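The values are calculated or read from the model by the stated rules, or taken from the named source; none is laboratory data. Computed from a predicted model, the values in this text were never measured in an experiment. All Cβ positions, even for glycine, are placed from backbone atoms using ideal geometry, and neighbour counts span all protein chains on display. Note: areas computed on protein heavy atoms with side chains; ligands, DNA, RNA excluded. Shrake-Rupley method; radii C 1.70, N 1.55, O 1.52, S 1.80 Å.
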Amino acid sequence: MKIVGIGLGKTGTSTLAACLRHFGYRHKTWDKALYDAYARGDMAVIDRALDAYDSFDDWPWPMLYREIDQRYPGSKFILTLRDNPETWLRSLETHAQRRVNRTRIWQFYGMAHGRFEAEKARQRYLQHTEEVRRYFKDRPHDFLEVCWERGDGWEKIANFLGKPVPRVAFPHAYRTPSDRDFAVKEFKRRFIPRFIRKTIDALWHGKT
């Protein structure tokens, strides 16, 4: 059995990932190598990741729910949504403008590279939501919708997964950073090796 987050980016996927890790699942989130494998149709790479982990979120997993459902009967699928499409659209536009060279943003939503087309993005979001709901119609044991902005939290997701409700604060794991915070994050990502970044972050937060 697999637990798969199938909401698109900017729908609270990082929060879902934090929840699944809290429950002890071996979790796989966004991975560029896996997205590239999906884009070129290399399912062998995808299959190895599916075998190695228990739960998933972010690219490329929202595009693979049908295949995972067939390969792993009894799996559970969680669709994260924003309060409304316009809220999601604003968040995606900020994300896209800051990452103009990351082609996956443009390709998936059918936009020309470097040009944000709001209506195309909005229609793709609505299409994905409709297709997922139709696919899992009448399967409440396998499918859950959540919206953190509407107050969904530990109780809803824990009941769906058959887990005790945690007695810790709910992890709203990611909020869109300010321009300054984003610039600092991007500088660290591009120019500072990962192991050094982790050490700096640990020192900054008093964890060493």
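Yes or no: W88 of a type in the set (F, W, Y), touching a helix residue (DSSP H, G or I) at 6+ places or on another chain (Cβ under 8 Å), within 22 Å of T15 (Cα to Cα) and assigned to a loop (DSSP other than H, G, I, E, B)? Spell out how you get there, then give the answer.
Details: of a type in the set (F, W, Y): yes; touching a helix residue (DSSP H, G or I) at 6+ places or on another chain (Cβ under 8 Å): yes; within 22 Å of T15 (Cα to Cα): yes; assigned to a loop (DSSP other than H, G, I, E, B): no.
No: the conditions fail for W88.
Could you please give the count of residues in region 41-85 that are in a helix (DSSP H, G or I), charged (D, E, K, R) and touching an Asp or Glu at 6+ places or on another chain (Cβ under 9 Å)? Talk me through it step by step, then tell me what you get.
So the first thing to find is which residues in region 41-85 are in a helix (DSSP H, G or I), and the list is 43-52, 61-63, 65-71, 85.
Still in the running and charged (D, E, K, R): 47-48, 51, 66-67, 69, 71.
Then keep just the ones that are touching an Asp or Glu at 6+ places or on another chain (Cβ under 9 Å); that gives 69, 71.
Matching residues across region 41-85 total 2.
Please determine, by comparing only the residues of region 29-70 that are among the small types (G, A, S) and free of Cβ contacts under 8 Å to residues at least 24 places away in the same chain, which one is nearest to V4 (Cα to Cα). Step through it out loud before you land on a result.
In the first step, residues of region 29-70 are kept if they are among the small types (G, A, S); the result is 33, 37, 39, 41, 44, 49, 52, 55.
Filter again for free of Cβ contacts under 8 Å to residues at least 24 places away in the same chain, leaving 33, 37, 41, 44, 49.
Details: A33: 18, A37: 18, G41: 20, A44: 18, A49: 13 Å.
Checked region 29-70; the qualifying residue nearest to V4 (Cα to Cα) is A49.
Which residues, counting only those in region 93-129, are hydrophobic (A, V, I, L, M, F, W, C) and either modelled with pLDDT of 80 or more or within 16 Å of the chain's Cα centre (by Cα) (or both)?
Once the filter is applied, which keeps residues that are hydrophobic (A, V, I, L, M, F, W, C) and either modelled with pLDDT of 80 or more or within 16 Å of the chain's Cα centre (by Cα) (or both), region 93-129 yields A96, I105, F108, M111, A112, F116, A118, A121, L126.
Looking at R115 and the list (1) open to solvent by 50 Å² or more (accessible area, probe 1.4 Å); (2) in contact (Cβ under 8 Å) with a residue 12 or more places away in the chain; (3) within 25 Å of A39 (Cα to Cα); (4) in a loop (DSSP other than H, G, I, E, B), which single condition is not satisfied?
Going through the list (1) open to solvent by 50 Å² or more (accessible area, probe 1.4 Å); (2) in contact (Cβ under 8 Å) with a residue 12 or more places away in the chain; (3) within 25 Å of A39 (Cα to Cα); (4) in a loop (DSSP other than H, G, I, E, B), R115 breaks only (2).
Could you please find all residues in region 137-164 being closer than 16 Å to S14 by Cβ and open to solvent by 60 Å² or more (accessible area, probe 1.4 Å)?
E149
Working only within region 31-52, note down all residues that are closer than 18 Å to G9 by Cβ and either more than 19 Å from the chain's Cα centre (by Cα) or surrounded by fewer than 13 Cβ atoms within 10 Å (Cβ to Cβ) (or both).
Across region 31-52, the qualifying residues are K32, A33.
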